[in-house]
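Just below is one structure, and these are the notes that go with it.
Read-outs throughout are calculated quantities, based only on the coordinates presented, and are distinct from any laboratory measurement. What you are looking at is a predicted structure, and each value in this text was computed from that prediction instead of being measured. Counting neighbours? That spans all protein chains shown, and the Cβs are built from the backbone with ideal geometry, glycine included.
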Amino acid sequence: MQQVHVKFNDVNQVRKFVDVIDKIDLSFNLGEGRRIVDAKSILGVMALDLTRPLRLSYDSDDEGIREKLAPFILS
């Protein structure tokens, strides 16, 4: 299981994020603490506190996925 922290600057970035991961045939969970949503659900993502970094979890060792997520990963 891979985990990275992501942060969004605006609603357009959230939309781009969901578009990117929707094309990947894996399950993604996004959130923090007890509040976890399906990261492919734009409504679920928008329901989270987007002012704070969120933990994205997925089950793959493919480095290509991390490259696709690079614009959203908190460094």
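Once the Cβ-Cβ distance of residue 62 and residue 35 is raised to the sixth power relative to R0 = 25 Å, the FRET efficiency obtained is 0.40.
The loop-placed trypsin sites (Lys or Arg not before Pro) in the chain, going by DSSP, that have at most 10 neighbouring Cβ atoms within 10 Å of their Cβ come out as 23, 34. Modelled label positions at residue 55 and residue 22, each set 7 Å beyond Cα in the direction of Cβ, lie 2.7 nm from each other. A simple count of charges around residue 2, restricted to other residues whose Cβ falls under 14 Å of its Cβ and scoring Lys, Arg +1 and Asp, Glu -1, yields -2. As I understand it, the value is the acute angle between the Cα axis of helix 11-22 and the longest principal axis of the Cα atoms of the chain; what does it come to in degrees, rounded to 10? That helix lies at roughly 30 degrees to the long axis. Only helices enter the 222 nm calculation for the chain: every DSSP H run of n ≥ 4 contributes -39,500 (n - 2.57), and dividing by all residues gives -8500 deg cm²/dmol, rounded to 500.
For residue 32, what charge total do you get from the other residues with a beta carbon under 10 Å from its beta carbon, if Lys and Arg give +1 and Asp and Glu give -1? Neighbourhood net charge equals +3.
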